[in-house]
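Okay, structure first, notes after.
The values are calculated or read from the model by the stated rules, or taken from the named source; none is laboratory data. All values reported here derive from a predicted model rather than from experimental measurement. All Cβ positions, even for glycine, are placed from backbone atoms using ideal geometry, and neighbour counts span all protein chains on display. The accessibility values were calculated without ligands, DNA or RNA, using every heavy atom of the protein model including side chains. Shrake-Rupley method; radii C 1.70, N 1.55, O 1.52, S 1.80 Å.
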Amino acid sequence: METAQFSNDRLKYFLFFLAVLLSRLPFISDGYGLDGDSWAVALTARNIHDTGSYEASRLPGYPVQELLSALLINGGATALNLLVAMVSAAGILFFALSLKVLRFRHPLLAAAALAAVPVIYIHSTTTIDYTIALGFLLASFYFVVSEKPVVAGILTGLAIGTRVTSGAMLLPYIIILIGNGGLFVNLRRILLYAVPALIVGLLCFAPVIQRYGWDFLTYYPVPYPSIAKILYKFTFEVWGVVGLFAIFLGVGMLFLPNRITSKRYLFPRSVNERYVIAWLIAIDLYVIAFLRLPMESGYLAPVVPFVILILGKYLYEPAFKLCCYLLILSPFAGSLGPVDRLDAAKPSSVSFRFQAGGEMLMLDVLHGPVVAYKSRRQEGMAFTREILNSVDSISRPAVLVSGRWYNQLVVQEGDTTSGNLVFASYLDEPMLLYYIGKNYSVYYLPKQDYYNQIMRNVDLNLFGAQAYLREEKY
């Protein structure tokens with residue numbers, strides 16, 4: 001009887017993993033993603049594959065993803081995105097298995113909610129490191145709660161090698177590992193976890209250190225965004241419109257009177273304050289890191305599973321189920337995003353425009369964040385193809401300041417030049433004067449003159465640069 005139950009459980013969890021993976025497949029073939037860093041990974045993977053030498057797509061380096069991508073780069077965007085989808089789906093499976101170990105009442109429902117949260121769903125279909133690192137961390141979480149610290153440490157080390165900020169999870173996982181066995185038993189557990197994590201993480205970064213030395217721990221300087229953009233990324237880009245409503249609803253239901261909730265909770269009492277403290281610390285660490293450099297909503301991906309765990313700990317059963325159902329709906333209904341961008345999503349028949357935070361926004365009722373993101377990827381691909389198709393009209397040497405489009409143009413063209421046109425991300429004054437001295441015309445893509453001034457402190461227009469595209473729609 002127990003053997004049959006075990007086999008049924010294995011089949012059920014395998015089918016869940018398969019369902020999560022299959023849900024990603026319709027979204028993995030439209031290029032490497034919207035983020036220029038996704039295209040930088042592809043560009044770097046090609047260089048590593050062709051030269052056999054490591055280079056970072058951007059500092060501080062993301063060696064696990066970069067090296068794995070180099071093995072698969074001949075398969076193009078579909079292969080690299082499929083890699084991300086598989087690792088993230090495996091991580092979500094481990095999240096469900098962790099909840100099963102902790103004797104949570106609805107592990108698959110909670111894991112399905114995690115899989116559906118827009119920031120997780122979207123970034124598990126693009127060539128970016130967020131959900132690969134999270135996949136390793138969630139696998140590590142399973143072995144932490146299963147009291148297998150060495151394996152947990154190895155997986156945390158791989159997460160660090162994928163994204164160095166994964167090292168923040170050392171503290172929460174150590175707190176969970178601390179038990180009632182006394183000082184020496186707990187110290188042994190901590191060392192069995194932390195030492196492999198640090199060693200594996202360091203080994204993963206060995207090629208980075210060999211190439212760049214110990215100065216690799218740096219980030220490219222970027223301007224701090226406006227409060228409105230930070231709030232947008234912190235809320236709607238992470239949870240979506242429906243998902244954000246689910247979170248507010250869940251928090252509100254935490255304060256319902258006991259006579260309404262009937263106190264039927266989902267975790268056993270053995271999942272006590274020690275776990276809650278660890279989960280809250282994990283949330284706090286990543287929120288603080290995000291607020292320090294709030295450039296991408298993907299930085300908050302590690303927060304999502306722990307928010308779900310907190311809701312699972314304190315919400316009564318019907319309330320938690322309602323929140324999960326809304327989170328599962330969140331990627332497919334209700335998206336909110338700026339209209340004034342080159343890769344803006346195509347609206348559905350039920351969409352509304354309004355002004356907020358100095359930008360024109362569109363609320364699309366029928367297209368959720370995942371569908372809108374796919375539309376944006378297609379629009380972005382169409383835009384860069386238009387640029388590449390126009391190169392033949394350039395009759396003399398020229399440089400095109402491409403900004404966020406640079407990596408995508410280079411990957412799609414296969415070179416940093418096309419005909420008489422040289423692609424550049426941004427130009428500082430010495431490089432700008434070099435091209436001018438070589439009698440190059442200087443062009444820029446829409447809005448990249450503004451960003452060049454922010455990123456390189458050089459106003460291209462003062463040096464006679466011209467807009468590359470002059471059509472009204474740009």
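Key figures for this structure:
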{"read-out": "Summed residue charge, Cβ within 14 Å of L59's Cβ, Lys/Arg positive, Asp/Glu negative", "value": "-2"}
{"read-out": "Loop GluC sites (Glu not before Pro), segment 381-474, which have at most 10 other Cβ atoms in a 10 Å radius of their Cβ (DSSP)", "value": "E471, E472"}
{"read-out": "Residue-normalised accessible area of the chain, given per residue in Å² at a 1.4 Å probe", "value": "46 Å²"}
{"read-out": "Sum of -39500 (n - 2.57) over DSSP H runs of 4+, divided by residues of the chain (222 nm, nearest 500)", "value": "-19000 deg cm²/dmol"}
{"read-out": "Cα→Cβ-extended label distance, 7 Å offset, between L469 and L231, nm", "value": "3.1 nm"}
{"read-out": "Carbon and sulfur %, accessible surface of segment 77-136 computed with the full protein complex present, 1.4 Å", "value": "70 percent"}
{"read-out": "Extension reserve of the L249-V276 stretch, reckoned as 0.36 nm per residue once the Cα distance is removed", "value": "7.7 nm"}
{"read-out": "Ellipsoid semi-axes in whole angstrom, largest first, where each is sqrt(5λ) of the Cα gyration tensor of segment 195-343", "value": "34, 24, 12"}
{"read-out": "Inter-part distance where segment 126-195 and segment 413-474 are each reduced to a Cα centre, Å", "value": "45 Å"}
{"read-out": "All Cα pairs of segment 332-474, percent lying beyond 23 Å", "value": "43 percent"}
{"read-out": "Dipole magnitude of the chain about its Cα centre (Cβ charges: Lys, Arg +1; Asp, Glu -1), debye to nearest 20", "value": "1680 debye"}
{"read-out": "Cα gyration tensor category, rounded, prolate or oblate, for segment 115-270 with a/c compared to 1.5", "value": "oblate"}
{"read-out": "Rounded to the nearest 20 debye, dipole of segment 304-378 from Cβ charges on Lys, Arg, Asp, Glu", "value": "180 debye"}
{"read-out": "Carbon plus sulfur fraction of accessible area for segment 290-355, probe 1.4 Å, in percent", "value": "63 percent"}
{"read-out": "Crossing angle, helix 369-389 versus the chain [Cα axis fit, 0-90 degrees, rounded to tens]", "value": "20 degrees"}
{"read-out": "All Cα pairs of segment 99-178, percent lying beyond 17 Å", "value": "51 percent"}
{"read-out": "Gyration tensor (alpha-carbon) shape descriptor, segment 269-347, a/c threshold 1.5", "value": "oblate"}
{"read-out": "Selection from Q65, I176, P302 lying farthest towards where the dipole of the chain points positive, charges on Cβ", "value": "I176"}
{"read-out": "Degrees between helix 2-24 axis and first principal axis of the chain (Cα, 0 to 90, nearest 10)", "value": "20 degrees"}
{"read-out": "Cβ-Cβ FRET estimate between N457 and Y325, R0 fixed at 56 Å, reported to 0.05", "value": "0.65"}
{"read-out": "Of G201, G403, S441, farthest towards positive along the dipole that unit charges on Lys, Arg, Asp, Glu beta carbons give the chain", "value": "G201"}
{"read-out": "With Cα atoms, 0 to 90° folded angle of helix 317-329 axis to the chain main axis", "value": "20 degrees"}
{"read-out": "Local electrostatic count, G419, Cβ distance below 13 Å [Lys/Arg +1, Asp/Glu -1]", "value": "-2"}
{"read-out": "Two-site label geometry, S29 and L366: point separation in nm, points 7 Å out along Cα→Cβ", "value": "2.3 nm"}
{"read-out": "Entries in K229/K438; K233/K374; K374/K438; K229/K346; K313/K346; K374/K447 that, when Cα-Cα distance is taken, lie over 29 Å", "value": "K229/K438; K374/K438; K313/K346"}
{"read-out": "Kirkwood hydrodynamic radius of segment 355-436, Cα pairs, Å", "value": "15.1 Å"}
{"read-out": "Point-to-point label distance, R103-F14, nm (Cα→Cβ direction, 7 Å offset)", "value": "2.8 nm"}
{"read-out": "Among V365, F104, M86 the positive-end extreme of the charge dipole of the chain (Cβ point charges)", "value": "F104"}
{"read-out": "For segment 316-390: relative contact order, % (alpha-carbon pairs under 8 angstrom, 6 or more apart)", "value": "34 percent"}
